[in-house]
Amino acid sequence: MQEMGRLLTAMATPFTKDSTVDYKKAAELAVRLVGNGSDGIVVAGSTGESATLGEEEKLQLFAAVVEAVGERATVIAGTGTYSTAATVAFTRKAEATGVHGVLVVVPYYNKPPQEGLYRHFREVAGATSLPVIAYNIPGRTGVNLLPKTLLRLAEDVPNMAGVKEASGNLDQIAEILRERPPSFLVYAGDDSFALPVLAMGGSGVISVAGHLVGDRLKEMIEAHASGNVRLAADIHLQLTPLFRALFVTTNPIPVKLALRLVGFDAGPVRPPLCPATEAEADAVQNALRSLGLL
């Protein structure tokens, strides 16, 4: 399943000034991302403000992005919720839009035990023919999908294709990489972890910075793959200030600001998110300026 690509960008959702989804702009952003190095697009993930998108909005977004780039890039739909039944039902609807795979976040708020997580992902994957990527982000969900549980899924569920690992724990990621089946994909869930995960044999990154420096990230990934580890390290170090700036406050507040600053206005964030403060905006501008993007 490696054809999903190595650089997947978790796309921001463009809104109009009155906070309605701008589907035309979403298609334009998807084209822009693929043109700047992204192998694939993740739609309606955390960066896409999935928490404040309605079901029909998400389905229209999936369809718009598939139409715009589906023949040139992988389109992954964010379909996970805190309810197994709701996730199953929505994943089936997403599959009908033509997406190539689904990203299913660990159920949030209700903090299921590991056996509950195993059953959740097994049931969701059993309801679709699409590849399923688990999304482990305990800082948002409140529960960590442990390697033992994930590896059990990788062994037992044929279309459990991989994981977006955003635990921030390199030892945990290393354990997954050491024990995974050969075809199981392990993506860094943070840009700052992309190169370390690649160095351990990971598959790539599901990126936020791909909105702005997709070509440089692609160059870093290709340099590492070809054995030019010095160039890969140099690029990683050059981009590190941007990686930090894009998380100076809650994602996607900084990346939407950054997009506007470089000439692509993706509109506001939806409440309860709010605009960046002056200090946060300065941090984003300084990072962009240091890379010659302004």
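Using a cutoff of 8 angstrom between alpha carbon atoms and counting only pairs six or more residues apart, the relative contact order for the chain works out to 18 percent. Note on the chain: antiparallel DSSP beta bridges, both residues inside, total approximately 5 percent of the bridges counted.
Shape verdict for the range 1-85, please, from the Cα gyration tensor: rounded (a/c under 1.5), prolate (a/b greater than b/c) or oblate. It comes out oblate by the Cα gyration axes.
Using a probe of 1.4 angstrom and keeping all protein chains present, the accessible surface of the chain works out to 41 square angstrom per residue. Starting from the Cα gyration tensor of the range 140-294, take the square roots of the eigenvalues, sort them a ≥ b ≥ c, and report rounded, prolate or oblate (rounded when a/c is under 1.5, otherwise prolate if a/b is larger than b/c, else oblate). It is oblate, given that a/c is not under 1.5 and a/b is not larger than b/c. In order along the range 247-258, the Karplus-derived 3J(HN,Hα) couplings, from 6.51 cos²θ - 1.76 cosθ + 1.60 at θ = phi - 60°, round to 10, 5, 8, 4, 5, x, 4, x, 5, 5, 4, 4 Hz, and Gly and Pro are given as x. Phi angles across the range 181-194 convert, under the Karplus curve 6.51 cos²θ - 1.76 cosθ + 1.60 with θ = phi - 60°, into 3J(HN,Hα) values of x, x, 8, 7, 8, 10, 9, 5, x, 9, 4, 5, 9, 4 Hz, Gly and Pro given as x.
Split the accessible area of the range 120-194 by element, probe 1.4 Å, and carbon with sulfur accounts for 46%.
The loop-placed GluC sites (Glu not before Pro) in the range 42-106, going by DSSP, that have at most 12 neighbouring Cβ atoms within 10 Å of their Cβ come out as Glu71. The lysine pair count for the chain, using Cα distances under 18 Å and pairs eight or more places apart or on different chains, is 10.
The values are calculated or read from the model by the stated rules, or taken from the named source; none is laboratory data. Small disclaimer: the values here were computed from a predicted structure and weren't measured. We place every Cβ from the backbone using ideal geometry, glycine too, and count neighbours over all the protein chains shown. Protein only, heavy atoms only, side chains kept; ligands, DNA and RNA dropped before computing areas. Shrake-Rupley method; radii C 1.70, N 1.55, O 1.52, S 1.80 Å.
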